[in-house]
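This report concerns only the one structure given below.
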Amino acid sequence: MALINYAQAACQALAEAMRADPHVIALGEDVGRGGIFGQYLGLQQEFGEARIIDTPISESTIMGAAVGMALTGLRPVVEMRVADFALCAIDEIVNQAAKNRYMFGGQGRVPLVARLPIGLWSGSAAQHSQSLEAWFAHIPGLVVVAPSTPADNYELLAAAIACDDPVIYMEHKELWAMTGELPSKRTATLGKARVARPGTDLTLVTWSKLVHAATEAAEQAAQQGISVEVIDLRTIWPWDRDLVLASAARTGRMLVAHDAVQAAGFGAEIAATVAEELGIPVKRVGTPRIPVGYARTLEDVARVPAERLLQELKRFVEAK
Amino acid sequence: MPANTSPANPSAAERLLDLYRMMARIRAFENAAEETSRGGVAVFGSTADAIALVRGPLHLSTGQEAVAAGVCANLERSDYLTSTHRGHGHTLAKGADPTAMMCELFGRATGTNHGKGGSMHIADFSVGMLGANGVVAAGIPIAVGAAHSAKIRGSGAIVACFFGDGAINRGPFMEGLNWAKIFELPVLFVCEDNRYSATTATDAMTAGAGAAARALSMDIPAETVDGNDVLAVEQAARELAARVRSGRGPQFLHALTYRVKGHVSVDPASYRKQSEVDGALESDPLKLAAAKLAALGVAAARIAEIEAQARVEIDAAVAVARAAPFPAADAAFTDVQDTGAGQWL
């Protein structure tokens, strides 16, 4: 089967959704020329300027207009470029898109997908590198998704577009070029995690790009006699409590890792839930509460590399 | 109705009577809301009175009725409208049922929003009223999106986007107008200028020549009217709405009115002179319209009858709202989201 990269996978999912439903449109800065990461490549040629809409640099109105579009029959896919820029549209996401259905008593629905790429990306420094999934997981009304592979980006973007709730869709900027095969049939659904690697001694929950470092650390741990089960959460809200709790109950230890800031990160929610429900040892691994620095030496401090994960999980398993 | 009092100019009189009727209904609604809200919000360290029927911040459009009535007279049911935190008048004028609206203000299950929104979030999607909004200027991008959607879908609907004079100092105002113009969208922007940004006079907070000048700077045609003269508003809105409907892109109406009440119902507005308020009351929109009706030969009894009918209608709405049930507590969990419904912790 042909290989496809993470950006192309998303592009294909969107193209298929647009062919199937004339109400699916996309809007944002630079989408006409393919988006800054190539994730809209060729779409304006196929669907025209009326459906792949190049917009001014007006994040509030990109998101707010998408709310108005969604309320009146369209299914907009909203490009925010990087998650950091969505902070210019935070009212539109938090007070408008997320609240609309509830505060108006169910009169309207807001079926939009807001694409907010997260993560470090080659020297992009403090304002283009943040992983803010916890912010949006905190807001009732929103679904938050973070795909880790081309296959998941294909399947989960399709699921997000089909979803009638507003979805914050967080692709990782260091995954665009990652290649993989597309699944022969669609199985991924929102709210369902996946066991990326089975194991028996410890459950390692993570998502997005860190799934790959986690899998690598698990392989190395296996050579040292430690069997790690890696769970790719895929959807941050609603997170798959059943799968995580069942795995953690079996292994007796749960470590959650993310490349977002550890303090008040979404890992804290998972760790607290597992501890409350199962009373087993839990541990968090995240990045320090510092902005992402530009120089490689500084940027690396804001990463969670596979070596650190390996260290942490060994220490965790060996602890009494 | 008295039988032998046919006015000199029947069509002009009937048109104004319709507008007057709508303004009288809005006035009666606002008066009733104000009355039933007393004690409903905590002020100056006091505790809100649990007995109050309307709770929380109540923003009244008393004295601004001509803008809602005059603009909405030119809208179809299938057109859309976005409103502000001061949205009762717009909602009523767009065709919403005052009983369902009053139930919403009373927080009842039978309200337009089933008790989940209250005054500040009142909405009636069934008549195209896409919502009042607790955030100043937030309705502008939503209106622009609804207009963009109407254009893409070729539905023929237009959007009336109401906002206040305070909103023109927020970013979404500039973004939304620019967007509407570059895409030539079917939206009628209506700046309902009541001279106050919350509890501060807007003039001192606004650089340049104001709302219409800002629209003109983006090549959006703009008209400024006396927002208390319902005929002037109706006429200007008719022309602008016709242009919007014919595909000539966004148009802008700047309607100058005055906020007779405080920012919220409990605000005594002691930051302004009584003489200023007294002066504004001289040009109360209902008073102006009544004088015009008299000049057109409409009998005073007919005007009084319209006002009485409005009061009867709103009194009935209040009676229904008083008796209506509150939503059950478990309704707090409905209409949040489908994906993950039930996962509240």
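Taken together, the values in this text are just the output of simple stated rules run on the coordinates, not laboratory data. Small disclaimer: the values here were computed from a predicted structure and weren't measured. Every residue, glycine as well, gets a Cβ built from its backbone with ideal geometry; the counts of neighbours run over all protein chains shown.
List of remarks:
- Applying 1/(1 + (r/R0)^6) with r as the Cβ-Cβ distance of B:T206 and A:D242 and R0 = 60 angstrom yields a FRET efficiency of 0.60.
- Taking 30 Å as the limit for the C-alpha separation, the pairs B:K181/B:K273; A:K185/A:K209; A:K209/B:K116; B:K94/B:K273; B:K181/B:K261; B:K94/B:K151 exceed it in the case of B:K181/B:K273; A:K209/B:K116; B:K94/B:K273; B:K181/B:K261.
- Of all DSSP-defined beta bridges confined to chain A, some 20% are antiparallel rather than parallel.
- Value of [θ]222 nm, deg cm²/dmol, for chain A, DSSP H segments ≥ 4, -39500 (n - 2.57) each, nearest 500: -10000 deg cm²/dmol
- Estimated FRET transfer efficiency when R0 is 51 angstrom, pair B:R245-A:E318 (beta carbons, to 0.05): 0.10
- Listed residues A:H138, A:H128, A:H258, most fluctuating in chain A (Gaussian network, C-alpha, under 10 Å): A:H138
- Dipole of region B:223-345, positive end: most advanced residue of B:A301, B:P327, B:S246 [Cβ charges, Cα centre]: B:S246
- Of the trypsin sites (Lys or Arg not before Pro) found in region B:254-345, those that fall in a DSSP loop while having at most 14 other beta-carbon atoms within 10 Å are B:K273.
- When the Cα positions of B:L177, B:T257, B:A222 are compared along the charge dipole of region B:10-333, B:L177 comes out farthest toward the positive end, with charges on each C-beta of Lys, Arg, Asp and Glu.
- B:Q235 paired with A:A20, simple spin-label distance in nm, labels 7 Å along Cα-to-beta-carbon: 5.6
- Chain B - mean residue ellipticity at 222 nm from DSSP helices (-39,500 (n - 2.57) per run, n ≥ 4, rounded to 500): -13000 deg cm²/dmol
- Under the convention that each Lys and Arg Cβ holds +1 and each Asp and Glu Cβ holds -1, the size of the dipole of chain B around its Cα centre is about 260 debye.
- Look at the alpha carbon pairs under 8 Å that are at least 6 residues apart: their mean separation over the length of region B:10-333 gives a relative contact order of 23 percent.
- Least to most buried among B:T257, A:T61 (fewest other Cβ within 10 Å first): B:T257, A:T61
- Extended-chain gain in nm, criterion 0.36 nm per residue less alpha-carbon gap, B:L345 and B:A291: 13.4 nm
- Three-way shape label, region B:70-203, alpha-carbon gyration tensor, a/c 1.5: oblate
- Tensor-based shape of the protein assembly as shown (alpha-carbon gyration tensor, a/c under 1.5 rounded, otherwise prolate or oblate): prolate
- Region A:85-163: relative contact order in percent, alpha carbon pairs under 8 Å with at least 6 residues between: 27
- On Cα atoms only, tilt of A:241-251 relative to the major axis of chain A in degrees: 20
- Loop sites by DSSP among the chymotrypsin sites (Phe, Trp or Tyr not before Pro) of chain B, restricted to those with at most 11 other Cβ atoms within 10 angstrom, leave B:45-343 as the longest stretch without any of them.
- The loop-placed trypsin sites (Lys or Arg not before Pro) in region A:148-235, going by DSSP, that have at most 13 neighbouring Cβ atoms within 10 Å of their Cβ come out as A:K185.
- Dipole magnitude for the protein assembly as shown: about 400 debye, using +1 per Lys or Arg Cβ and -1 per Asp or Glu Cβ, origin at the Cα centre.
- Placing +1 on the Cβ of every Lys and Arg and -1 on the Cβ of every Asp and Glu, with nothing else charged, gives region A:104-249 a dipole about its Cα centre of roughly 300 debye.
- Computed FRET value (nearest 0.05) for B:R322 with B:S283, which takes r as the C-beta separation and R₀ as 45 Å: 0.85
- In range of the label at A:A126: residues from region A:285-299 whose backbone nitrogen is under 15 Å from the point 7 Å along Cα→Cβ: A:289-295, A:298-299
- Beta bridges per DSSP with both ends in the protein assembly as shown, % antiparallel, nearest 5: 20
- Prolate/oblate/rounded label for region A:93-183 (Cα gyration tensor, a/c 1.5): oblate
- Range of Cα positions in region B:10-333 per principal axis (Å), largest first: 54, 52, 40
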